[in-house]
Amino acid sequence: MKRCMALTGVVIRELYRRKDFYVLFVLTALITLLLASIQFFEDLRMVRYLREVTLLLIWISALVIAVVTAARQIPAERESRTIFPLLAKPVSRGEVVMGKFLGVWLATGLALAVFYGFYLLVGTFQGAPSSWLLGFQAFWLHWMMLAVVVSMAILGSLLFSAPSVNSTLCFIVVTGILLLAGHLNIIAGSMPGLWGALLYGLYFALPHLELFDVRDLLIHEHPPVAWGAFAVAGLYAAVYTTLFLIAAWWLFRKKPLST
Amino acid sequence: MWGVEPILRIEHLRVEYPPNRRGELPKVAVKDLSLRVYPGEVFGFLGPNGAGKTTTMNVLLGFVHPTGGEAFLFGVNVKEPIARQRIGYLPEMTYYYRFLTAEEILRFYARLFGLSSVEADRRIQRLLKLVELDHACRRPLKHYSKGMQQRVGLAQALINDPDLLILDEPTSGLDPLGRMKVREIIQRLKNEGKTVFFSSHELGEVETVCDRVAIVHQGELKVEGRVEELVRSHQANLEQVFLRIIGYPTSLAA
Amino acid sequence: MVAISQKAFIDVNGRTIFLTGATLLTVAVSLAAWLEPRSETWRGGRARAEGLLATLLGDGRRLFANHFFVKADVYLHSGYYPSIFDQARQACDHGIGSNPEHTESEIAADTGSCKSGCEHHDHEASHESGFLGPPRDWIDRLGRHFRVTQHTHLEDGVSESEILPWLRVAMELDPHQVEVYTTAAYWLGRRLGKVNQAEAVLRRGLRSNPDSEEILLELGRLAWEHRRDAERARHLWNAAERVWQRKYLSVNATNRVTLARMLALRAQMEETLGHTEEAIRYWSRLQEVSPHPEAVARRVAALRSHLPQTPWPADAKSIGQGPGPSLPSL
Ligand SMILES: Nc1ncnc2c1ncn2[C@@H]1O[C@H](COP(=O)(O)OP(=O)(O)O)[C@@H](O)[C@H]1O
Ligand SMILES: [Mg+2]
């Protein structure tokens, strides 16, 4: 565990020394503040669209940070050959996978916390504060979802050698899941025979990342999520994350690395 | 000496690389290699380019899994990560984390060995002085020259105060001054009672620092022994022995 | 090594390009958003939306415009909205786009207040079991904790303004979708009491769509209902009718609705002003195009016999409830 944390520290340090996060954050903040300064119609209170835009930007930024950082980790170690001095230390490959995962996940969590903090602050300054409880739930669920995404991207980085290919595929898969996974059961129901059964199988096999998206509740000032469901969602994310990490470890364990 | 348990033991090692294209035969990089290195020795692992030196070291470090045979460090199979607890390794060529400073890199590796932070700090200061990087230790590595990076490599190989050092061509790509410094450090380690296993094709430096050498060619061990014995039995200097073994007509070379 | 450094170079380059691109895009969007409300004051605003957006998005902007129009409807329902996959959805026929229908039943019911409309909503909401149906499986059941599952409407007279930004964006993207202007004007004028802004929106719509009888109709209604300017209302409604006559040669199921509304409003106004002759003339014309001519006929008869105005009979509520402008197709 100590060794995992050492690896984690390097990943976090890398993230805050690179410019990506700052650029995305500044862009999000800039767009939000500019939009906030626009008056579409005089003296009417309009905050929900602003919440929507900010949250959308946060979701995109967080996804970009998580996928790109996770997909880069192991390929970059191989490309820059830092993997050799690293693995020459008494660390197992499982620890490397775990350390990389924890590092990327914690780092994106930090970035996410900054983003959500900004979101809640803007809401407060706009005179339309969101529920801090629901805000926290939204952050937490989002972070849990990113755990699945990060582990998926790490697994992908061991399947596809080019990080760009892996990142692109991850974006497509995650976006596809967010948009479609929740409706696959309906589509499957309308499709007879083998295809329907296959789609139904896919519906139950895919990680339902859209569960973790409570933006609509946040935007439209609905009450917080029930804690029971909240906990179940956390467990659900943990199961998929574990599965992806085990698969990643399995692939990495046997992979020959030659200088 | 021969009664002592070897610190590094390789038994009938065979390594094949999968073919690049279908239908080709797998590339055999190492064939039936057996080797022992004893505590306190400086062991030169010699061979021309492509002989299989790096491949052998990759097996010792667990990067590549042997096709056949086994290898042990301190009596522990190299499959176990713990076998690497007491070794230091300098890769043939390496780039380190560009966004970290030399100090941070060393601290990171120290943590991987489970060193306490006080102990780590002490060693880091000592090593940075040893490799003469104490003035630059707070700059990220992307601003380092090649020679400086190589010295960071040497420092990280020594962070755990290892009993066995595995150095893959530690002097390649360095200027004469850099080479001399590396030789000095190897000598110093030897004086401290460390075991050094290093590969090279620079025979001059080998002759001055090595106790024993092995010469491999095309993946096979050709000869092994103490430097002076080899020179005596072949009636030639080490360079001539080497050339003869790899099938180069020594009459021309001589 | 050369290969690696070259690759690193390309990598860095790619990222720089990406980041620069993102920055430029943001700056462009922000600038456009920032300048847009201002530019209108110094330019006539005529057809200006055709410029950058049209070239950037081409005809795709219509699709986007429609998307944002739907978004406004989603907002009206506080996020409770069926996706294209929810086949079993039951249309919420009092959605954002269907306001003219409201008004017509209101005209018919002779009540201008929001009251009846709101009751109408509640009634609808309660008997509508929702598009969701019972959970299909455990994932669906779990998912409902994280989604909006209550059918509600914004109707406190303040929060309705939340839908407006999307209508504004839709206008921007497709200045020729008349429905967007009339809808925005409805919410601004009738629900939020911002008559001037409602008029501004309609005027803006008229600039992009000079021959829209619906916008003229709504402008006329604003003039009468909010400003009590009968002369102006008549003028606008006449213009609307002229446009209608020019556009359509005969009455059919679709264009009938506008004409009927126009006639009903006109008849109503004349009646209120005590111009019984005029009123009868318009009611009679309405009778010809209304799907419920009997109710209109009764009203005409009542007027003819110079009876004091009776409360409107309940069944006449249905006047003109033909296929109004429905929800935008999803
Ligand atoms: N990843 C690899 N795939 C295929 N062949 C390899 C690979 N790495 C090394 N080889 C081959 O194995 C042989 C030994 O290589 P290596 O151990 O690097 O030699 P040395 O370090 O002695 O110069 C060479 O012929 C080389 O071409
Ligand atoms: Mg080599």
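The per residue volume of the convex hull around the alpha-carbon atoms of the range C:141-218 is 113 Å³. In the range A:67-115, inverting the average of 1/r over every pair of distinct C-alpha atoms gives 11.7 Å as the Kirkwood radius. Note on the range C:131-263: Cα Rg divided by 2.2 N^0.38 Å, N the number of residues, gives 1.35.
With neighbours defined as other Cβ atoms within 10 Å of a residue's Cβ, the residues A:S157, C:S161 order from fewest to most as C:S161, A:S157.
Taking a ≥ b ≥ c as the square roots of the eigenvalues of the Cα gyration tensor, the range A:124-198 is oblate, since a/c reaches 1.5 or more and a/b is not larger than b/c.
With the crude spin-label approximation of a point 7 Å out along Cα→Cβ, what separation in nm comes out for A:L121 versus C:D211? Each label point is offset 7 Å from its Cα along the Cβ direction, giving 5.5 nm.
For the range C:283-297, backbone nitrogen atoms closer than 17 Å to the point 7 Å from C:A253 Cα along Cα-to-C-beta are found at C:289-292. In a simple Cβ point-charge model (Lys, Arg +1; Asp, Glu -1; nothing else charged), the range A:103-259 has a dipole of about 580 debye relative to its Cα centre. Of all segments of chain B bounded by trypsin sites (Lys or Arg not before Pro) found in a DSSP loop with no more than 15 other C-beta atoms within 10 Å, the longest spans B:139-254. Size descriptor for the range A:106-251, Kirkwood hydrodynamic radius: 16.9 Å (Cα pairs only, one decimal). Helix A:163-180 and the longest principal axis of the Cα set of chain A meet at an angle near 40°. Of the GluC sites (Glu not before Pro) found in the range A:1-72, those in coil by DSSP whose Cβ has at most 10 other Cβ atoms within 10 Å are A:E42. With N as its number of residues, the range B:94-161 has a Cα radius of gyration that, divided by 2.2 N^0.38 Å, comes to 0.98. Taking the C-alpha atoms only, the angle from helix A:93-125 to the longest principal axis of chain A is near 10 degrees. Of the residues C:S305, C:S78, the one with the fewest other Cβ atoms within 10 Å heads the list, and the complete ranking is C:S305, C:S78.
Volume per residue of the convex hull around the Cα atoms, evaluated for chain A, comes out as 149 Å³. Its alpha carbons considered, chain B gives a radius of gyration followed by a Dmax of 18.8, 59 Å. In chain A, taking the dipole from charged Cβ atoms about the Cα centre, the farthest positive-side position among A:V10, A:P163, A:T69 is held by A:V10. Remark: spin-label model distance B:R232-B:E11 equals 3.2 nm, labels positioned 7 Å along the Cα→Cβ axis. Available extension along the chain between C:E294 and C:T152 is 47.6 nm, counting 0.36 nm per residue and deducting the alpha carbon span. If R0 is 30 Å, what FRET efficiency do you get for A:V26 and A:M5 from their C-beta distance, rounded to 0.05? After rounding, the FRET efficiency stands at 0.50. Backbone N atoms of the range B:26-55 closer than 19 Å to the 7 Å Cα→Cβ label point of B:Q218 belong to residues B:26-34, B:46-55. For the range B:3-107, GluC sites (Glu not before Pro) are listed when DSSP marks them as loop and at most 13 other Cβ atoms sit within 10 Å of their Cβ; the list is B:E24. Taking R0 as 35 Å, what FRET efficiency do you get between A:S258 and A:L180 from their Cβ-Cβ distance, rounded to the nearest 0.05? Computed FRET efficiency for A:S258 and A:L180: 0.30. Annotation: the residues B:T171, C:T254, C:T182, sorted from fewest to most other C-beta atoms within 10 Å of their own C-beta, follow the order C:T254, B:T171, C:T182. In the range A:1-108, the ratio of gyration radius to Kirkwood radius, Rg to Rh, stands at 1.19 when only Cα atoms are counted.
Phi angles across the range C:192-201 convert, under the Karplus curve 6.51 cos²θ - 1.76 cosθ + 1.60 with θ = phi - 60°, into 3J(HN,Hα) values of 10, x, 9, 5, 4, 6, 4, 5, 4, 4 Hz, Gly and Pro given as x. Relative to the longest principal axis of the Cα atoms of chain A, helix A:193-205 runs at roughly 90 degrees.
Modelled spin labels at A:W132 and A:L33, positioned 7 Å past Cα toward Cβ, are 2.3 nm from each other. If a spin label sat at a point 7 angstrom from the Cα of C:F64 along the line to its beta carbon, the backbone N atoms of the range A:33-56 nearer than 20 Å would be those of A:33-41, A:49-56. Here the range B:1-74 is treated with +1 on each Lys and Arg Cβ and -1 on each Asp and Glu Cβ, and its dipole about the Cα centre works out to around 320 debye. When the trypsin sites (Lys or Arg not before Pro) in the range A:1-54 are filtered for DSSP coil states and for at most 12 other beta-carbon atoms within 10 Å of their beta-carbon, the remaining sites are A:K19, A:R45.
Every read-out reported here was derived from the displayed coordinates using simple, explicitly stated rules and does not represent laboratory data. All values derive from a computational prediction rather than experimental measurement. Cβ sites come from the backbone with ideal geometry, for glycine too, and all protein chains shown count toward neighbours.
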